[in-house]
Structure formats: C-alpha cells, structure tokens
Amino acid sequence: MFAAFSRSWELVKASYGVLRSDKELVIFPIISFIGVVIVSISFFVPMLAAGMFDGLTNSDGEGGVGIATLIVTFLFYLVMYTVIIFCKSALIGAALIRLKGGDPTLQDGFNIARERIGTIVGYAAISATVGIILQLLSNAFRGNKNPIAAIIGQIIVGLIGAAWNIVTFLAVPVLVVENVGPIECVKRSGALLKKTWGEQLAGNFGVGAVFGLITFGVIILGVVLIAVFASMKATVLVVLAIIAMIIAIAAISLLASTLGGIYQAALYRYATEGEVSSEFSPDMIRGAFVQKSGAVGGF
C-alpha cells in the first residue's frame, strides 16, 4: 500500500511540475466549478419545489419515478456534464500542447473544446444516461427489505460505476485529439487502456485518491477546530473555521481536478505515441495501471 501511495505522490508532483510551467491551466476547473454551481442552482431550486427529487432518492422500494422527473433529471445531468466535459476538454487540450513543449493560452484550450462541442454533448448524454441508471439501480437495491441483498446490490452498483470510470478514463483525451463520435470515444478509451496496460486493468491509488486523503485530513482538522471553538462558545471563530474549511476543500478540489486532467493527458500521450514529457518518467506512466494480481487500490 505504501509503495502504491508513493507512486501516486510522484504522479502528483510530476503533474504539478507541468502546472507550475503553465499556471493558467487551473482556470479551466475554476470556470467548470462556477458553471456547475450555476447549473445546479438553476435546476435544483425548481426541482426541489416540485418534489422531483423524491422519486430519485427514496429508498423504501415503493412507487416509481415519473417520466417528467426522469426527463428533467436527464436534462440536468446533460447540461452539467456538458459544462464539465467542455472545460475538461479545454484543459486536456491545453495540457497536451504544454506536454509537447508548446505554450498554450486559455483561448487555445477553449478553441479546441469549441471545435468538439457536438461530440462533447453526445458524450455528456451518454454519461447522463449512465448516471441516471446507476442512481435508479442504487435506489432499487437500497430499498430491498433484505439487508444482505441490499448490501450486495450496492456493491454491484459500485463495481459497475468503477468499471465505467476506468473504461472511460481516456475518453476525453480521445475526444480532444481524435475527433471521433461519443460512442467511439468510449470504445477507443477502453481499447487504449487494454492495449497499453493489459487486459486485467486495476488502478493504483491515482491522483484523486491522494487529494481524497488530503481532503479527509482537512475535514478532520476543521471538525476538531469547530468543536473546540464551539465548546468555548466562540461563535465568530466557529463561523471562520467553517468558512476556512469550505475554502480549503474547494481549493484542493480545483487543484486535484487540474492535476488530474494533466495526468490524463500524459497517459493518453504515452498510450498513443509512447512518449512522455520531462516531468514524467516512463516507469511512472507504465505503473499507472497494474494487473489485478498486483493491484492495491482504485481510482
């Protein structure tokens, strides 16, 4: 486990080396975050007022989800994923330029994403469909009155979601570079992973897990400080601690998203061209995925 975490930390440092050379790359996740907040508020408030979340979140196994709820929820997922994938495409497009020795601008990244807008919307529709199906399956299993069956069902849904994340790990880089359709993006991503890292893929800890641990540490520290200040009846300090924790988590999330995009760009370049930039080593990239028999974690 320690060796896997050490490799993941090296990936984080290598990705940060690229970001340090082109700090503007972090702007793409910031814009994505702002867009997601706007989209969420635009859909969440009217959906909540109309009680549309009840069908998607109930776990009593009774009733069903209305067509209107499914349509609106799909539209919400579609718009949200379109914003996320658009900004991620811009990030990865710019990162690939940087990895090849270029000096990309924000406009370069957005131009790349704008040229792929049709495929981005199509891929967002696929992602939205998968997301709704997994949510409905999760609710169905959670509503099972047999606790063992409910637990097994949740595990199955989790495994399906993990498999989807791995298969589509290189879908956005494929979308950016190869300009193929959304379904072909998914197929091509899976084929590249299988060809480069083997048939029995299992992820190492990865960049996301490193920042997950950091976020967990920040939350623990924040909760402790809030509890201490609350015991002192220091209301102002409690509020400041809550604000500081939220800002810290948001900053960590944005940095993780940026480095994750750079990491994906580096993996795609190695899978298609067999080349790595000076920040990454071949061994580091080859170790991004391992055979199941040697796996120690997941994305």
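The values are calculated or read from the model by the stated rules, or taken from the named source; none is laboratory data. Computed from a predicted structure; not experimentally measured. Heads up, the Cβs are rebuilt from the backbone with ideal geometry, glycines too, and the neighbour counts pull from every protein chain shown.
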Any hit, the range 65-73, residues being more than 21 Å from the chain's Cα centre (by Cα), within 18 Å of Tyr268 (Cα to Cα) and either at pLDDT 90 or above or of a type in the set (Ser, Thr, Tyr) (or both): no
Ser189 vs. criteria surrounded by 15 or more Cβ atoms within 10 Å (Cβ to Cβ), assigned to a helix (DSSP H, G or I), modelled with pLDDT of 90 or more and polar (S, T, N, Q): yes
Test set (1) within 30 Å of Phe86 (Cβ to Cβ); (2) outside any helix (DSSP H, G or I) - Lys233 fails condition number: (1)
Residues of the range 12-32 satisfying the condition of being among the β-branched types (Val, Ile, Thr), more than 21 Å from Ile249 (Cβ to Cβ) and surrounded by fewer than 19 Cβ atoms within 10 Å (Cβ to Cβ): none
Residue in the range 267-277 that is part of a helix (DSSP H, G or I), touching a helix residue (DSSP H, G or I) at 6+ places or on another chain (Cβ under 7 Å), closer than 22 Å to Leu175 by Cα and at pLDDT below 80 present: no
Lone qualifier among Ile92, Ile133, Ile126, Ile97 - being among the hydrophobic types (A, V, I, L, M, F, W, C) and more than 24 Å from Tyr263 (Cα to Cα): Ile133
Contacts under 6 angstrom Cβ, first residue in the range 168-184 being hydroxyl-bearing (Ser, Thr, Tyr), partner in a helix (DSSP H, G or I), 6 or more apart: Thr168/Val186; Thr168/Ser189
Residues located in the range 130-148, provided they are surrounded by 14 or more Cβ atoms within 10 Å (Cβ to Cβ) and not in a loop (DSSP other than H, G, I, E, B): Val130, Gly131, Ile132, Leu134, Gln135, Leu136, Leu137, Ser138, Asn139, Ala140, Phe141, Arg142
Residue in the range 34-42 that is surrounded by fewer than 17 Cβ atoms within 10 Å (Cβ to Cβ), farther than 25 Å from Leu259 by Cβ, at pLDDT 80 or above and polar (S, T, N, Q) present: yes
Total residues in the range 241-261, condition under 20 Å from Gly208 (Cβ atoms) and touching a Phe, Trp or Tyr at 6+ places or on another chain (Cβ under 9 Å): 11
Residues (outside any helix (DSSP H, G or I) and not acidic (Asp, Glu)) located in the range 71-125: Lys100, Gly101, Gly102, Pro104, Thr105, Arg116
Test: Ile151 is buried (at least 16 other Cβ atoms within 10 Å of the Cβ), in a helix (DSSP H, G or I) and not basic (Lys, Arg): no
Only one of Gly118, Gly161, Gly109 that is over 16 Å from the mean Cα position of the chain (by Cα), surrounded by fewer than 17 Cβ atoms within 10 Å (Cβ to Cβ) and closer than 28 Å to Asn179 by Cβ: Gly118
